[in-house]
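Have a look at the structure below before the remarks.
Bear in mind these aren't lab numbers, they're just calculated from the coordinates by the rules spelled out. Note that this is a predicted model, so its numbers are computed, not measured. Cβ: placed from backbone, ideal geometry, glycine included. Neighbour counts: every protein chain shown.
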């Protein structure tokens with residue numbers, strides 16, 4: 001059997017291809033039920049996100065293309081439609097790939113942690129579907145452990161590498177705990193939506209979203225349980241905001257120095273943190289001159305992101321060494337499974353011989369045989385039966401000049417032969 005990881009991701013396939021083979025909603029459960037019954041598939045799990053769709057399977061060597069064929073058929077796609085975007089990693093490369101995915105090293109945003117939660121969810125769905133066995137179970141558990149080690153042993157997660165996330169982290173550095181702060185977000189595009197998500201996920205409970213179109217503000221407000229206003233109402237609410245983040249398409253500043261000064265007076269000069277992500281700017285340049293305002297623009301954050309990306313890349317190189325070591329550890333465990341089956345067979349054979357010999361000895365005792373004589377005969381018979389087959393095989397090995405087998409037995413049993421087989425006479 002062999003492990004494989006196959007699929008597509010953000011670096012191999014465009015969005016229009018990724019969305020065609022995405023397993024949305026409850027589709028994963030139904031898909032796993034079908035996949036695990038494919039010819040030669042023993043274990044299976046599916047990870048499906050906006051950035052990747054991957055199958056992790058334990059399959060017969062001769063049927064290692066079965067999951068990919070199933071993927072085409074399940075989504076009604078021809079082979080040539082998907083083949084240019086597909087990758088397939090076998091065995092050690094499959095293990096390494098899963099560990100890199102779990103650790104955020106294969107993500108669009110290097111070192112992000114969201115994919116680890118998605119991988120844990122995929123693992124749970126596979127457990128629920130009954131498609132996880134011994135090897136994939138160990139692989140998933142190992143990947144979770146490795147992701148934690150990478151996070152704890154490197155600084156890969158310490159530095160924001162998106163503008164929206166950098167804005168949130170700057171707010172955390174200034175205020176510490178965001179729980180008791182109020183944020184005013186101006187605009188309702190993708191950037192502001194991402195900022196809202198980061199603030200919400202990091203404990204900020206009160207947000208005001210201002211936009212020219214109230215309907216769009218209300219849509220975000222429903223998603224994050226915040227208060228929606230129109231841009232014209234900003235002066236009424238600006239004094240409430242400890243954090244102001246703006247990203248609109250306005251050609252003129254939305255906040256000038258006069259509006260901000262009025263708000264600062266109402267706040268009794270309590271500091272306010274402002275981030276202007278717009279080009280052209282939403283916040284007048286001279287606002288930065290005010291003593292109680294910390295104003296950052298998009299270039300300030302881009303510089304932070306670039307420096308942090310360099311730091312993450314350095315940390316990623318450290319993480320790759322951890323991945324390499326942990327891949328070897330898993331493969332060593334996988335290789336040990338062959339020895340486990342042999343050990344079990346050896347123990348079973350020995351126990352069978354033992355039972356047969358003991359039963360004969362007990363029968364002799366029952367028929368009145370001398371106990372001491374019976375004990376000696378039983379132990380001698382047990383020894384002879386246990387070494388009979390190995391002794392026969394070793395004599396044959398000697399005749400066939402199988403020095404490798406003879407040396408293996410010496411090493412296995414810690415023997416020191418009186419006359420070395422290397423010096424045996426012809």
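In degrees, nearest 10, range 0 to 90: what is the angle between the Cα axis of helix 114-129 and the longest Cα principal axis of the chain?
50
Using Cα pairs under 8 angstrom and six or more residues apart, how large is the relative contact order of the range 153-213, in percent? Mind showing how you got there, number by number?
Details: 59 pairs, mean separation 23.2, N = 61.
That works out to 38 percent.
Which FRET efficiency value, to the nearest 0.05, is calculated for residue 396 and residue 2 with the Förster distance at 25 angstrom and r the Cβ-Cβ distance?
The computed FRET efficiency comes out at 0.15.
What would the Debye equation give as log₁₀ I(q)/I(0) for the range 227-370 at q = 0.13, 0.14 Å⁻¹, counting only Cα atoms as equal point scatterers?
For the range 227-370 at q = 0.13, 0.14 Å⁻¹, log10 I(q)/I(0) is -0.77, -0.81.
So if I restrict to the alpha-carbon atoms in the range 162-271, what is the Rg, and what is Dmax, the biggest pairwise distance, in Å?
Expressed in Å, the Cα Rg and Dmax of the range 162-271 come to 13.1, 34.
With an 8 Å cut-off on Cα pairs and a minimum separation of 6 or more residues, tell me the relative contact order of the range 2-158 in percent.
The normalised contact order for the range 2-158 reaches 29 percent.
Could you work out how far apart the two model spin labels at residue 77 and residue 372 are, taking each label as a point 7 Å from the Cα in the direction of the beta carbon, and quote it in nm?
Each label point lies 7 Å from its Cα, and together they span 8.2 nm.
Can you give me the pair-distance distribution of the chain, C-alpha pairs, 20 Å bins, whole percents?
For the chain, the binned pair fractions read 19, 34, 26, 12, 8, 1 percent.
Below 8 Å between Cα atoms, with a sequence gap of 6+, how large is the relative contact order for the range 80-160 in percent?
32
Tell me, in nm to one decimal, what length is gained between residue 10 and residue 158 on full extension, where the rule is 0.36 nm per residue of separation less the Cα-Cα distance?
The span from residue 10 to residue 158 would gain 50.9 nm if fully extended.
With springs only between Cα atoms under 10 Å apart, run a GNM on the chain and tell me which of 183, 278, 215 wobbles the most.
Answer for the Gaussian network model of the chain: 215.
Among 205, 180, 63, which one moves the most in a GNM of the chain with springs linking Cα atoms closer than 10 Å?
Answer for the Gaussian network model of the chain: 180.
Treating the angle as unsigned and between 0 and 90°, give the value, to the nearest 10°, between the Cα long axis of helix 403-413 and the longest Cα principal axis of the chain.
Approximately 80 degrees, to the nearest ten.
Quickly estimate the mean residue ellipticity at 222 nm for the chain, helices only: each DSSP H run with n ≥ 4 gives -39500 (n - 2.57), and the total goes over all residues, rounded to 500.
-18000 deg cm²/dmol
If I take R0 = 25 Å and measure r between the Cβ atoms of residue 307 and residue 148 in this structure, what FRET efficiency does the formula 1/(1 + (r/R0)^6) give, to the nearest 0.05?
E between residue 307 and residue 148, to the nearest 0.05, is 0.45.
Take each of the peptides 351-357, 195-201, average the number of other beta-carbon atoms within 10 Å over its residues, and list them starting from the highest. Before the final figure, lay out the partial values.
Working: 351-357: 13.4, 195-201: 20.7.
Highest mean packing first, the order is 195-201, 351-357.
Roughly how many nanometres apart are two label points built 7 Å out from the Cα toward the Cβ at residue 138 and residue 336?
In this crude label model, residue 138 to residue 336 measures out at 0.8 nm.
Between residue 121 and residue 93, with labels modelled 7 Å along Cα→Cβ, what's the label distance in nm to one decimal, could you check?
Calculated label separation equals 2.9 nm.
Give, in whole angstrom and from largest to smallest, the semi-axes √(5λ) of the equivalent ellipsoid of the range 1-74, with λ running over the eigenvalues of the Cα gyration tensor.
Result for the range 1-74: semi-axes of 21, 14, 10 Å.
For residue 223 and residue 354, calculate 0.36 nm times their separation in residues minus their Cα-Cα distance, and state this gained length in nm to one decimal.
Between residue 223 and residue 354, full extension yields 40.2 nm more.
What angle do you read, to the nearest 10 degrees and between 0 and 90, between the alpha-carbon axis of helix 371-399 and the longest principal axis of the chain?
The angle comes out at about 70 degrees.
Mind checking the full-extension length gain between residue 292 and residue 177? Use 0.36 nm per residue of separation minus the Cα-Cα distance, one decimal, nm.
39.5 nm
Given the options 185, 382, 110, state which has the largest fluctuation in a GNM of the chain using a 10 Å cut-off (strictly under) for Cα springs.
Looking only at 185, 382, 110, the largest GNM fluctuation is found for 382.
So if R0 is 25 Å, what FRET efficiency would residue 329 and residue 60 give, r being the distance between their Cβ atoms, rounded to the nearest 0.05? Could the numbers behind the result be given before it?
Numbers: r = 25 Å, r/R0 = 1.00.
After rounding, the FRET efficiency stands at 0.50.
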